[in-house]
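Q: Sharing a structure below in structure tokens format, with a few things to ask.
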Amino acid sequence: MLLPNKNTLFIGKVVHAFEALASTNSYAQELLAKSKPTEGTVISAATQTAGRGQIGSKWESPEGESLSLSVILYPHFLQARKQFELNMAATLALRDALSAYAKSVVSVKWPNDVYLGPRKVAGILIQNQLAGQLVQHSIIGTGVNINQRAFPPELPFATSLYLDTGLIHDLDEVAASYLQALEQRYLLLRAGQTTRLRRDYYQHLTGYQELRTYRLPDGREFEAEAAGVDEAGRLLLRISGELQPFALKEIALVPDIS
């Protein structure tokens with residue numbers, strides 16, 4: 001059972017922990033609809049039955065095997081057109097935390113996944129509520145594969161910390177590490193250290209300045225080099241010397257599984 005975090009200033013000081021929830025993000029939305037929770041409030045669930053990834057993809061979490069939690073933040077300083085900066089901060093924080101446990105290289109995959117080597121170990125779903133040109137509140141939903149020993153055939157590129165290390169990991173310990181890292185990255189964002197966040201994001205971005213194979217929705221594949229991410233959060237690919245932006249679901253990096 002996730003307890004209030006002793007090593008943070010505000011993230012994880014208030015925790016709503018459940019044995020089971022349909023979705024931690026949905027519960028966070030209900031809290032925000034009824035009241036104004038303390039910034040940094042965390043909702044965690046030992047079992048999540050109807051979690052979502054990007055664009056409605058499903059993310060379920062069997063008890064004792066996955067980490068499922070959501071964090072409520074109030075980034076009133078963040079312009080709506082720059083909201084991908086919060087995405088960078090959260091994804092980097094998860095990469096920071098998992099690096100302390102993993103044996104494989106931990107990287108980020110645009111826009112918001114974390115990989116161990118060539119396989120996905122975690123994903124983040126951020127839901128922002130806008131007020132004019134600023135972000136009013138944010139819910140950062142996080143799912144991490146921790147102790148799974150196997151995955152169904154429809155998830156051929158998934159992995160877990162257990163499969164990477166051969167060790168059973170304490171979910172609450174990993175969660176506490178992530179919340180500490182998230183607060184550190186969020187404070188950098190709040191302090192305007194976006195250049196550092198972007199630099200770190202690129203440093204750990206899969207395929208950055210490397211020639212890799214990408215796939216279009218119609219199945220066509222081509223080689224390109226990731227050159228960065230624009231202000232709107234679109235991936236910039238250098239194709240035949242020219243930069244082209246791609247939004248979520250407009251492009252997919254072909255897994256390099258040898």
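The values are calculated or read from the model by the stated rules, or taken from the named source; none is laboratory data. The shown structure was predicted, so the numbers you read here are calculated from the model rather than taken from an experiment. A quick note on method: Cβ atoms are made from the backbone with ideal geometry, for glycine too, and the neighbour counts reach across all protein chains shown. Surface accessibility is based on the protein's heavy atoms, side chains included, excluding ligands, DNA and RNA. Shrake-Rupley method; radii C 1.70, N 1.55, O 1.52, S 1.80 Å.
Q: Please give me the summed charge of the neighbours of SER240: other residues whose Cβ is under 13 Å from its Cβ, Lys and Arg +1, Asp and Glu -1.
A: -2
Q: Using 7 Å Cα-to-Cβ label points, what is the ASP170/LEU211 separation (nm, one decimal)?
A: 4.8
Q: Next question, about the same structure. Hey, which aspartates and glutamates would be in cross-link range of LYS103, C-alpha to C-alpha under 16 Å, not counting anything within fewer than 8 residues on its own chain?
A: Cα-Cα hits under 16 Å: ASP164.
Q: Applying 1/(1 + (r/R0)^6) with R0 = 22 Å to the Cβ-Cβ distance of ALA247 and PHE222, what FRET efficiency is obtained, to the nearest 0.05?
A: With R0 = 22 Å, the Cβ-Cβ based efficiency is 0.80.
Q: Kindly give the semi-axes, whole Å and largest first, of the ellipsoid equivalent to segment 116-258, taking each as the square root of 5 times a Cα gyration tensor eigenvalue.
A: For segment 116-258, the semi-axes come out at 26, 25, 15 Å.
Q: Local charge sum around VAL108 (other residues, Cβ-Cβ under 10 Å, Lys/Arg +1, Asp/Glu -1)?
A: Net charge in that neighbourhood comes out at 0.
Q: Determine the per residue accessible area of the chain with all protein chains present and a 1.4 angstrom probe, expressed in square angstrom.
A: 47
Q: Something else now. Output the peptides 90-98, 39-47 sorted from most to least packed, where packing is the average of other Cβ atoms within 10 Å over each peptide's residues.
A: 90-98, 39-47
Q: Also, I was wondering about something else. For segment 182-228, restrict the atom set to alpha-carbon positions and state the Rg and Dmax in Å.
A: 15.0, 42
Q: Just for the Cα atoms in the chain, what are the lengths along the principal axes, largest first, rounded to whole Å?
A: 51, 45, 30
Q: Something else now. Take the cross-link list LYS13/LYS34; LYS6/LYS109; LYS120/LYS249; LYS82/LYS109; LYS34/LYS109; LYS109/LYS249 and give me the ones stretching past 23 Å between alpha-carbons.
A: Over 23 Å Cα-Cα: LYS6/LYS109; LYS34/LYS109.
Q: Hey, in the GNM for the chain with a 10 angstrom Cα cutoff, which one of LYS36, LYS13, LYS82 fluctuates hardest?
A: In the Gaussian network model the winner is LYS36.
Q: Tell me the net charge near SER44. Cut-off is 11 Å between Cβ atoms, SER44 excluded, with +1 for each Lys or Arg and -1 for each Asp or Glu.
A: Net charge around SER44: -2.
Q: Also, I was wondering about something else. Summarise the long-distance tail of P(r) for segment 197-258 by giving the % of C-alpha pairs beyond 18 Å.
A: Cα-Cα pairs of segment 197-258 separated by over 18 Å account for 30 percent.
Q: When you count, for each residue, the other Cβ atoms within 10 Å and take the mean per peptide, how do 69-79, 233-243 rank with the highest first?
A: 69-79, 233-243
Q: Now a separate question. Tell me, what is a quarter of the convex hull surface for the C-alpha atoms of segment 1-149, in nm² with one decimal?
A: So the mean shadow area of the Cα hull is 9.0 nm².
Q: Which order do peptides 112-125, 15-28 fall in by mean Cβ count within 10 Å, highest first?
A: Order by mean packing, descending: 112-125, 15-28.
Q: If you don't mind, there's one more thing I want to ask. Hey, got a sec? Which trypsin sites (Lys or Arg not before Pro) in segment 122-196 land in a DSSP loop and have at most 14 other Cβ atoms within 10 Å?
A: Of the trypsin sites (Lys or Arg not before Pro), the ones in loops of segment 122-196 whose Cβ has at most 14 other Cβ atoms within 10 Å are ARG149.
Q: For the modelled label position 7 Å from the Cα of ALA80 along Cα-to-Cβ, which residues of segment 118-146 have backbone nitrogen atoms closer than 14 Å?
A: Answer for segment 118-146: 128-137.
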